[in-house]
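What follows is a short report on a single structure.
The values are calculated or read from the model by the stated rules, or taken from the named source; none is laboratory data. Please read all numbers here as calculations on a predicted model, not as lab measurements. Heads up, the Cβs are rebuilt from the backbone with ideal geometry, glycines too, and the neighbour counts pull from every protein chain shown. Surface accessibility is based on the protein's heavy atoms, side chains included, excluding ligands, DNA and RNA. Shrake-Rupley method; radii C 1.70, N 1.55, O 1.52, S 1.80 Å.
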Amino acid sequence: MVILQRVLLAVVGMSSAWGFTGEELSFFEREVRPLLAEHCYDCHSVEAEKLKGDLLLDSREGMLRGGFEGAAVVPGDVEGSLLVETIRYGNQDLQMPPKYRLDEKTVAVLEKWVAMGAPWPEEEAPSAEGKREVFDLAKRQAEHWCWQELGGEKIPEVENEDWPLHAVDAFVLAELEARGLKPAGEAEKRVWLRRVSFDLIGLPPTVEELKAFLEDDSEEAFERVVERLLDDPGFGEKWGRHWLDLMRYAEGYGHEFDYVIPQAWKYRDYVVRAFNADLPYDDFVVEHAAGDLLEKPRRHAETGWNESVIGTGSWWLGEATHAPTDVAADEDLRIDNQIDVFTKSVLGLTVSCARCHDHKFDAISTADFYALSGFLQSSRRELVNLDAGGKRVSTVAKLQEVRERAATVVEEDFGGPVNGEGLARFDGGSWEGWTVSGEAFGEGPTRFGRAEVVLADEGQPLAPGGVAHSGLLGSELTGVLRSPTFVLEQPEIHLWMQGEGHVEARVIVDGYFMDGYNPLLFRGTRLKEKS
């Protein structure tokens, strides 16, 4: 007690280089530090036998740096401080101390301390060398075989040199011989045909196929069977099924009502066709990741429709609920699932652990996870026209040329740029950040100071500058005009829309897309033309 009194006497009347008064520092030493030492330091100090959560609470520096969950304290912000959230026991996943709850008086002391700005005397932070978990990406990569670059592997020597038909066989045989085992004998033709048929198309051979194979004594008999099975449509159906399982393919969203996923079968058939066409795996992955962004997409051999864009449909398979209690959290869970599915399927490992902390075993950091998350956060679900034969692309290009020539003629007739009347301008006169897809809106909203020629509607030959017009190139074209993300600060959004046919405006809240199935959540976020 005498020592403590001397410390208090030393700080009273002094001010900290951090700007704290002697009274504030006294409060910390008298009320706060003893609480931290009693309830926190066993797990969150340099003296802890095992540091938990990579969090040190025995220095102000450690408090502000935080651990796996982020900074423990935000000086002056009680509600925004993780330390306060955990001791209040309001968050079921973060409750400290874990084995008992602090009384209200103790909680109030720590809340007051944070509100004061988390005063702490100027002192050197205890050395945490060897305590904090340091994520060394290069070290992780160097320690495990799966992260090493592929290199030449020496083919092992085997006793039975006649058995291997391929270099890979030598590795198998070497392991068998090391265990005192011998490979099984060759299967008779009848058994072999049954095995290869089940392997490649998932069905047994027919009586006619079996008879033909048994009667074929040529050296090419086996090769002909394999080629026939690889050319069989059943090959893609059998092997594509495994990939569909990885992509959690279903034709409904599951959950309570299992709403139908529109045209999910197109993705299923796309996968079957890709396997049957022997599409290279790297191209297959590219189409899944960004098939909608390819300048020269792969097209169906017979119909000419865009095959590549269908691959991106895999992102939107999986379970979806029509009324999540927290839409933002629902979006996070959906993106987490998308990352989990894609990385497990393509990389053969999970990166989900890195959502909360650098991966403890694999060379994956939280930065890697949130880079993938950002890729998906900036993407949006959209139905697209497959553009059979590529006719729409070529036709739209020709129409655009006609519009450009017509606009020049109009300006010459009027002696300069002209703005038509009758269509509303976007508030503020700026379309910065807006994006377009499809063909209906052309390259984007009409240009300011120039009247745009409308080819699809004789009753409205000119569209004024600064408006979004979906009929510039034709009434049969489809497209989407999308605003940048913005924060809802008012209870209502006012939008004026005019048009004929299938015209629709939507407010998409945090990527939520189930309002088309059940309007229980976000009722009124869709505006359609009145018939």
Practice problem: Could you let me know the centre-to-centre spacing of region 56-83 and region 243-313, using Cα atoms, in angstrom? | Solution: 46
Quiz item: Tell me, what HN-Hα J-couplings in whole Hz come from the Karplus equation 6.51 cos²θ - 1.76 cosθ + 1.60 at θ = phi - 60° for each residue of region 139-148, using x for Gly and Pro?
Solution: 5, 4, 5, 6, 8, 10, 4, 5, 9, 7
Quiz item: For Arg381 and Thr350, FRET efficiency with R0 = 30 Å and r from the beta-carbon atoms, rounded to 0.05?
Solution: 0.80
Quiz item: In nm, what is the difference between 0.36 nm times the number of residues separating Val393 and Arg195 and their Cα-Cα distance?
Solution: 66.6 nm
Quiz item: If amide H atoms are built 1.01 Å from N in the plane of the peptide, which residues on other chains or at least 5 residues away come under 5 Å of the amide H of Ala71?
Solution: none
Quiz item: For region 137-231, which whole percent of the accessible surface, found with a 1.4 angstrom probe, sits on carbon and sulfur atoms?
Solution: 54
Quiz prompt | Segment Glu476-Gln490, length gained on full extension (0.36 nm per residue, minus Cα span) | solution = 1.5 nm
Quiz item: Taking Lys344 as the anchor, which aspartates and glutamates have their alpha carbon closer than 19 Å to its alpha carbon, excluding any fewer than eight residues away along the same chain?
Solution: Asp245, Asp282, Asp283, Glu287, Glu319, Asp332, Asp336, Asp358, Asp362, Asp368
Quiz item: lysines within cross-link reach of Lys296: Cα-Cα under 23 Å, excluding same-chain residues under 8 positions apart?
Solution: Lys266, Lys391, Lys398
Exercise. Roll a 1.4 Å probe over the protein chains and send me the accessible area per residue for the chain in Å².
Key: 63
Quiz item: Given 0.36 nm per residue, what is the gain on full extension from Leu137 to Lys528 after removing their alpha carbon distance, in nm?
Solution: 135.6 nm
Exercise. Would you mind checking region 159-182 for residues with the amide N under 20 Å from a putative spin-label position 7 Å along Cα→C-beta of Trp145?
Key: 167-181
Practice problem: Please list, in chain and number order, the residues 5+ apart from Gly117 or on another chain whose amide H is under 5 Å from its amide H, with Hs placed from the backbone. | Solution: Gly76
Quiz item: To the nearest 500 deg cm²/dmol, what mean residue ellipticity at 222 nm is calculated for the chain from DSSP H runs of n ≥ 4 alone, each contributing -39,500 (n - 2.57), summed and divided by the residues?
Solution: -11000 deg cm²/dmol
Quiz prompt | Karplus (6.51, -1.76, 1.60) ³J(HN,Hα), θ = phi - 60°, over region 328-343, in Hz, Gly and Pro reported as x | solution = 5, 5, 5, 5, 4, 5, 5, 5, 4, 5, 4, 5, 4, 5, 5, 6
Self-check item: Shape box of the chain [Cα atoms, principal axes, largest first, Å]
Solution: 103, 93, 44
Practice problem: Under 17 Å Cα to Cα from Lys211, which aspartates and glutamates show up? Leave out anything in the same chain fewer than 8 places away. | Solution: Glu188, Glu219, Glu220, Glu223
Quiz prompt | Estimated distance in nm for a label pair at Asp169 and Ala184, the labels positioned 7 Å out from Cα along Cα-to-Cβ | solution = 1.6
Quiz item: How high is the FRET efficiency between Val409 and Glu295 when r is their beta carbon distance and R₀ equals 41 Å, given to the nearest 0.05?
Solution: 0.85
